[in-house]
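Written out below as structure tokens is the structure these notes cover.
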Amino acid sequence: MFILKIVTDFSSAHSLRDYPGDCANMHGHNWKVEVLVSSKELDESGMVIDFREIKQQTKKVISKLDHRYLNEVKPFDKVNPTAENLAKYLYEEIDKNITNDKVIVYKVIVWENSRYSASYQK
Ligand SMILES: [Zn+2]
């Protein structure tokens, strides 16, 4: 299997519901996002998919979250905006946008700082 990875980032604020600690208060993160896509085969030019395509589709989804207060953005007005839920949301939305039927999103990793990350994969 071939795996491509792009790395990007965005900034947003959030506060965690039902959480007995500092993160219950509103605060910001510069989230780092890694998007990995996989394919069992290459196209005729020897590629999985153009990196720019992954970047564009990721950007589309992230633009809804960038410089926002996540607790006011769907689905995080109801779903707790944890790194785990962000990873799942990004996985599902980016996977929807990648229309190449040989390529699937393999994994999304969301870093909330340089030490802590959460990832989602099927
Ligand atoms: Zn936080």
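None of the figures in this text is laboratory data; all of them are computed from the coordinates on show. Please read all numbers here as calculations on a predicted model, not as lab measurements. No Cβ is skipped: glycine too gets one built from the backbone with ideal geometry, and neighbour counts run over all protein chains shown.
Ordering F2, H14, I54 by Cα displacement along the dipole of segment 2-120 toward the positive end leaves H14 in first place; charges were set at the Cβ atoms of Lys, Arg (+1) and Asp, Glu (-1). Using a cut-off of 11 Å between beta-carbons, work out the net charge of the residues near V103 (Lys and Arg +1, Asp and Glu -1, V103 not included). Neighbourhood net charge equals -4. When the charge dipole of segment 2-120 is built from unit charges on Cβ atoms (+1 for Lys and Arg, -1 for Asp and Glu) and taken about the Cα centre, the candidate among S63, V103, C23 whose Cα reaches farthest toward its positive end is C23. With the simple spin-label model, which puts each label point 7 Å out from Cα in the Cβ direction, the T99 to A13 separation comes to 3.8 nm.
The helix-only estimate of mean residue ellipticity at 222 nm for the chain, built from DSSP H runs of length n ≥ 4 each weighted as -39500 (n - 2.57), is -7000 deg cm²/dmol after division by the residue total. Charge dipole (Cα centre; +1 on Lys/Arg Cβ, -1 on Asp/Glu Cβ; no other charges) of the chain amounts to roughly 80 debye.
Give me the Kirkwood hydrodynamic radius of segment 78-122, using the inverse of the mean 1/r over all pairs of distinct Cα atoms, in Å to one decimal. Computed over segment 78-122, the radius equals 11.1 Å. Among S63, S15, S39, a tally of other beta-carbon atoms within 10 Å of each Cβ gives an order, fewest to most, of S63, S15, S39. The stretch between D66 and E41 holds 5.6 nm of extra length on full extension. This uses 0.36 nm per residue minus the Cα-Cα distance.
Applying a threshold of 24 Å to the alpha-carbon distances of K40/K96; K40/K60; K40/K64; K40/K74; K5/K74; K55/K78 flags K40/K60; K40/K64; K40/K74; K5/K74; K55/K78 as lying beyond it. Computed over neighbours whose Cβ is under 15 Å from that of Y19, the net charge equals -3, Lys and Arg +1, Asp and Glu -1.
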